[in-house]
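These notes are about the structure you will find just below.
The values are calculated or read from the model by the stated rules, or taken from the named source; none is laboratory data. Computed from a predicted model, the values in this text were never measured in an experiment. Virtual Cβ from ideal backbone geometry, glycine too; neighbours counted across all protein chains shown.
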Amino acid sequence: MKAPSRTLFSGDVAQTQMTHRALGFTLIEVLLTLWIMSIMALMSWQSIDAMVRVREQSLSSVTDLSVVQTALAQWQTDLDQALSADASAQMPGIDWDGQTLRMIRTSSAPWSAQGDPGLWVVAWTARMVSSEELASQHSGQRLPGLYWLRWQSPSFTARNDLSRHWQSAASWGKNASQETKAFETLLFPLQNWQLFYYRLNAWSNPLSSAELMSTATNTALANSNSPTSAANAVNTGNPGANNAPGSSSTPDGIRLKLTLSPRTKLGATNSAQESNLTQAEDPSLTMDWVRPNFSNVR
């Protein structure tokens, strides 16, 4: 009778041990689970960090693209509103001295009481900008370097103001002072910019095309018997003593080529290899402007 009793007690103990073993985990199992969870958390954090970086790069690219588009739209508007040179009225046209493009255009300011919005003198150039200048313009997030800039005079209606602002634009392009810098707008960094004029059915350097136009004008003067037509063929419209080497007449077209800086994140790359490939492809923008009343019919 006692033997069966001891056998039943031993079975109950074994069943209890199996039950406790089924409800719990060993230390190795717990450590393994924690290790797997840490690996998954690390992988998820890397994925989130990569998504945040891609989002920041996308936002930066969109911001840079909007700045470039706005600047090019302003470039187009300035040229569309530019006035042609008028020798009799001593009105300058579009002038390029190899560094700065100056033009006179109609103002888009609100009409005054006299009913005349006046005119603007506008200039475009590229200049090295220091960190001190960026700090003074509250552009602390930008890095010093070569930037594309636009200058605009106040609205005016008097001829004396035209001559003064025209000379101020030339001085700003060559050696900007604190007074002239007050009228400039910092656009975006670039590596280089080039201009080409479309004259005599060909694209050429603006200064060389000015020589071609001068030759064509001299030929027209030599073949003309009318003093009136000869006077109208001569362009002497730049006011002031500082006459630029280029012709001030409006060309048939202007080609703008901008070589963007790598800091302008348009289509930013994620690796150094892709960045080198992108730089090797000459990241540049080309924009052609055609004079609104231009006609190739001869």
*Does residue 115 qualify as being surrounded by fewer than 15 Cβ atoms within 10 Å (Cβ to Cβ), of a type in the set (Gly, Ala, Ser) and either under 22 Å from the mean Cα position of the chain (by Cα) or within 24 Å of residue 86 (Cβ to Cβ) (or both)?*
yes
Filtering segment 87-115 down to residues that are at pLDDT below 80 and in contact with a Ser or Thr (Cβ under 6 Å, 6 or more places away or on another chain) yields 87, 109
Residue 85 fails exactly one of (1) out of contact with any Pro (no Cβ under 8 Å at 6 or more places or on another chain); (2) buried (at least 17 other Cβ atoms within 10 Å of the Cβ); (3) farther than 21 Å from residue 260 by Cα, namely (1)
Residue 38 fails exactly one of (1) closer than 30 Å to residue 205 by Cα; (2) free of Cβ contacts under 8 Å to residues at least 24 places away in the same chain; (3) among the hydroxyl-bearing types (Ser, Thr, Tyr), namely (1)
Listed by first then second residue, the pairs whose first member lies in segment 187-201 and is over 12 Å from residue 262 (Cα atoms), whose partner is surrounded by 20 or more Cβ atoms within 10 Å (Cβ to Cβ) and among the aliphatic types (A, V, I, L, M), with beta carbons under 7 Å and at least 6 positions apart or on separate chains, are 187/149; 193/258; 195/101; 195/254; 197/254
If we keep only residues of segment 189-213 that are within 21 Å of the chain's Cα centre (by Cα) and aliphatic (A, V, I, L, M), then the residue surrounded by the most Cβ atoms within 10 Å (Cβ to Cβ) is 190
Filter segment 95-110 for residues that are charged (D, E, K, R) and over 20 Å from the mean Cα position of the chain (by Cα); the one that is nearest to residue 160 (Cα to Cα) is 105
Segment 62-169: strands (runs of 3 or more DSSP E) wholly inside it with 1 or more residues that are free of Cβ contacts under 8 Å to residues at least 40 places away in the same chain and charged (D, E, K, R) are 100-106
Checked 143, 186 against criteria (surrounded by fewer than 15 Cβ atoms within 10 Å (Cβ to Cβ), over 27 Å from residue 86 (Cβ atoms) and in contact with a helix residue (DSSP H, G or I) (Cβ under 9 Å, 6 or more places away or on another chain)); the one match is 143
